[in-house]
Amino acid sequence: MRPNGGHSEVLEADEENIPHLDDVSDRAVTHSEYRLRRSSLPRRDGQGRRRGQASALLLATCLLCACSGSSRTPVEHADSSPPTRTSIPPPARSAPQPAGTEPFVAGTFDLNVVGEASGLAVSVRNPGVVYVLDDGPGSTGVLAIDVADDSATRLTVDGLDGRDTEGLAVGACGRRTERTCLYIGDIGNNQGAWSSVDVWRLREPDLAGAPARRTVEGDVATYTYPDEAVNAETLLVDEGRPHLVTKPPRRSSDAGTAPPRLLGARRFADGRLRDLGAIDLPAPDGVGIAAAVVGNVVTGGEMAGGRVILRTYDHVLIYTPPQPGAPLRTLRRWTPREVDTPRMTQGEAVTMDGCGIWLVSEQVDSIWLVPWRSQTLEDDLQEEACPIGSAHS
């Protein structure tokens with residue numbers, strides 16, 4: 001659904017109105033209607049400052065990174081050349097771990113398509129498929145990667161021309177439905193230049209036998225802030241209701257940051273976000289080098305299995321509700337727990353499923369999986385069909 005007269009059209013709450021991707025015919029991406037040109041788009045406000053912060057972070061952590069950037073092309077124009085792997089090595093451990101429990105690279109993707117991975121989500125409808133989102137500007141869709149063989153389907157969303165696409169999630173299309181949707185959050189707002197944000201929703205497609213390129217349709221909802229505009233890089237979805245976790249700027253008075261806040265909508269097409277309170281974000285157990293540079297801030301997360309996982313530049317936290325089935329709006333009362341994950345160049349997105357915790361880092365083409373058995377946290381959703389570490393590590 002395309003924006004109309006500068007204002008985004010939205011659906012009513014009834015998820016039955018969502019266009020089904022299986023009913024949308026594949027469209028020729030060479031048609032001029034779908035040829036979005038990234039090179040013609042201006043850089044978003046705050047991009048330069050963000051690059052400076054990222055550079056300082058990389059120097060502080062003494063990790064190698066291709067800071068010159070990459071020459072990226074929109075999803076629908078990317079060629080099919082194999083990715084150039086720039087995988088980082090596994091983290092050093094003080095004691096050996098049992099076989100099959102070490103973090104490993106479960107898949108890779110083309111950096112010419114997703115140069116700065118800002119969103120990550122595991123497909124429910126397509127086992128073994130992971131979605132990766134580029135943060136733009138000019139993002140037009142997502143890359144769906146089958147981690148079994150690194151094959152990819154480029155999903156271009158009709159009408160999407162992202163300013164700062166930072167959030168990605170897979171969740172229920174609405175209340176009382178088992179159908180799952182893919183949500184794309186155009187929610188980045190580094191300088192508070194925009195008075196509203198957009199969240200796109202599209203039904204998860206059946207990717208069995210899908211072509212390498214596919215254009216699909218979705219719906220977009222526009223939300224205004226409860227008060228002032230804020231930056232966010234995390235999109236959480238609870239029964240079809242989008243929520244954002246804010247990324248406050250570093251305080252000028254000290255090296256810390258204000259705690260993140262949860263902003264939530266009553267329904268997909270609500271149009272306004274509510275302030276649901278501050279979230280407890282503990283400092284990392286180890287040395288928080290990045291936090292000293294840019295602050296202890298949330299860079300990604302997702303709600304899955306009744307829990308929430310959040311990531312900062314330094315650590316990963318899993319939030320457990322006081323009782324099963326607690327609504328996401330009560331996140332401020334949930335209990336956080338840090339889990340052991342690899343330290344990455346510039347950790348951005350994170351998600352989890354029955355196999356473990358999935359991670360990506362900006363300007364690195366690797367999708368990492370941390371199996372649950374390497375965690376002290378027990379998980380009762382352990383699946384049988386999960387990637388193993390021998391294929392890509």
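Please treat every number below as a calculation from the coordinates, not as lab data. Here the structure is a predicted model, which is why all the values come from computation and not from measurement. So basically every Cβ, Gly included, is an ideal-geometry build from the backbone, and we count neighbours across all protein chains shown.
Okay, here's what the table says:
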quantity: Difference of contour (0.36 nm per residue) and Cα-Cα distance, residue 292 to residue 280; calculated: 2.5 nm
quantity: Rounded to whole Å, sorted largest first: equivalent-ellipsoid semi-axes of region 110-166, Cα gyration tensor; calculated: 19, 12, 10
quantity: Highest to lowest packing among 151-157, 310-316, scored as the average C-beta count within 10 Å; calculated: 310-316, 151-157
quantity: In Hz, Karplus ³J(HN,Hα) per residue of region 323-328 (6.51, -1.76, 1.60; θ = phi - 60°; x = Gly, Pro); calculated: 9, x, x, 4, x, 4
quantity: Theoretical gain in end-to-end length, residue 270 to residue 149 [0.36 nm per residue, Cα-Cα removed]; calculated: 39.6 nm
quantity: Spin-label pair residue 228/residue 179, simplified geometry with 7 Å Cα→Cβ offset, distance in nm; calculated: 4.1 nm
quantity: Packing-based order for 340-350, 219-229, using average beta carbon neighbours within 10 Å, highest first; calculated: 340-350, 219-229
quantity: Residue order, fewest to most beta carbons within 10 Å, for 198, 275, 110; calculated: 275, 198, 110
quantity: Mean-position separation - Cα centroids, region 284-310 and region 117-161, in angstrom; calculated: 22 Å
quantity: Potential lengthening between residue 258 and residue 332 on full extension [0.36 nm per residue; Cα-Cα distance subtracted]; calculated: 25.2 nm
quantity: Residue 117 long-range amide H proximity, modeled H, under 5 Å; calculated: 363, 364
